[in-house]
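Visitor: The following block contains the structure, expressed as structure tokens.
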Amino acid sequence: MSKLARRYWASLTDTNIESVELLIEYGRQRNATLWRRYVASLLDMPVTCGAATETKQTEGPTPAPTSTIFYDMETVVDIGTTPPNRGSWWRGAGLAFVTLLALTIAFGVSRVLPPAPRVATPATSVDAYHTVKDPAGYVISIPRGWAREEVQGKLQPVVTYTAPGGRGRLMVFEVKESSVTESSAQAQSIAEGATGYHYLGRRTGADWTEFSYRYDSKQYGATKTVDHRFQAADGTPYAIVASGPPGTDMTEQLTKAVNSLCPTGAHCP
């Protein structure tokens, strides 16, 4: 059995039986370090087959094991009288140990750590606005999901589009004054009487004018308002008033509404 084991090991390590015996003998040297002797004692184990047999203690020197297996990291061993190079053996053993340790740690971490969560890309609407034909007599583009409400003013219907939660509003109505400048001046005079009124500024163009201010609304609290009055494509003066809490930017909603408003029957670009 010992010969078969030596031949089997020699076939695995690509060496011969004599070199295996030499490596075993070299590992048993008593002047070697404790660590190397411990490793040699682990690797130099007898190979048996079949049922275990009882070992009897006999006087005299301990007989040599029937067969031993010495695990060497190098595939080619010099079988001369010089023992194998100590540094190369330990470098190979150290490299194998480090590789095994790294693989064990990597496998353990992959089993313990949960997989990285996938980051879902938020869905974006192709167009956040839609064009509606309002019963008040015009076509206009407003944000999707805004609610419409119409009330009868002193001179004309007033339509209000309100964002969910009341965070933004667009109020649209036809102006009855002779010019947008006159209408805007009157509107500013009325706004100055509101609670907490604070003037913010005015801008004016060829056929439009607007002023902005803050006031305290009984329904919505502190409110910022931009009152924009302009002439539509057919020359009809309109007012679109954008309002919301201070810090809310209504510029985009107001610009979309002004540029898209077209009275019924008018030719708009």
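Visitor: Search the stretch 228-269 for residues being within 46 Å of the chain's Cα centre (by Cα) and among the polar types (S, T, N, Q), and hand back the single one that is nearest to Ala185 (Cα to Cα).
Guide: Out of the qualifying residues, it is Ser243.
Visitor: Moving to a separate point now. From the list Ala242, Ala257, which residue is buried (at least 20 other Cβ atoms within 10 Å of the Cβ) and in a helix (DSSP H, G or I)?
Guide: Matching residue, one of Ala242, Ala257: Ala257.
Visitor: Filter the stretch 205-214 down to residues that are of a type outside the set (A, V, I, L, M) and exposed (fewer than 12 other Cβ atoms within 10 Å of the Cβ), then give me how many there are.
Guide: Residues flagged as of a type outside the set (A, V, I, L, M) and exposed (fewer than 12 other Cβ atoms within 10 Å of the Cβ) within the stretch 205-214 amount to 1.
Visitor: Looking at the stretch 164-195 only, could you name the residues that are without any contact (Cβ under 8 Å) to a residue 60 or more places away in the chain and of a type in the set (A, V, I, L, M, F, W, C)?
Guide: The answer is Val180, Ala185, Ala187, Ile190, Ala191, Ala194.
Visitor: Turning to a different aspect of this structure: Provide a single number: the residues in the stretch 186-214 that are in a loop (DSSP other than H, G, I, E, B) and among the β-branched types (Val, Ile, Thr).
Guide: Count: 1.
Visitor: Of all the residues that make up the stretch 215-230, how many are surrounded by fewer than 17 Cβ atoms within 10 Å (Cβ to Cβ) and either in contact with a Lys or Arg (Cβ under 6 Å, 6 or more places away or on another chain) or in a strand (DSSP E or B) (or both)?
Guide: Qualifying residue count for the region: 4.
Visitor: May I pose another question? Give just the number: which of (1) touching a Pro at 6+ places or on another chain (Cβ under 8 Å); (2) surrounded by 15 or more Cβ atoms within 10 Å (Cβ to Cβ); (3) assigned to a loop (DSSP other than H, G, I, E, B) does Ser183 not satisfy?
Guide: It fails just one condition, (3).
Visitor: On the given criteria, is Gly201 under 21 Å from Thr248 (Cα atoms) and free of Cβ contacts under 8 Å to residues at least 12 places away in the same chain?
Guide: So Gly201 fits the description; yes.
Visitor: Being among the small types (Gly, Ala, Ser) and touching a helix residue (DSSP H, G or I) at 6+ places or on another chain (Cβ under 7 Å) is the filter; apply it to the stretch 130-158 and report the residue that is surrounded by the most Cβ atoms within 10 Å (Cβ to Cβ).
Guide: Filtering first and then ranking leaves Ser141.
Visitor: Oh, and also: Check Ala242, Ala185 and return the single one that is within 20 Å of Val158 (Cα to Cα), at pLDDT 95 or above and in contact with a strand residue (DSSP E or B) (Cβ under 6 Å, 6 or more places away or on another chain).
Guide: Ala242
Visitor: Which condition from (1) charged (D, E, K, R); (2) more than 17 Å from Thr255 (Cβ to Cβ); (3) surrounded by 15 or more Cβ atoms within 10 Å (Cβ to Cβ) is the one that Arg169 breaks?
Guide: For Arg169, the failing item is (2).
The values are calculated or read from the model by the stated rules, or taken from the named source; none is laboratory data. Not measured: the values here are computed from a predicted model. Virtual Cβ from ideal backbone geometry, glycine too; neighbours counted across all protein chains shown.
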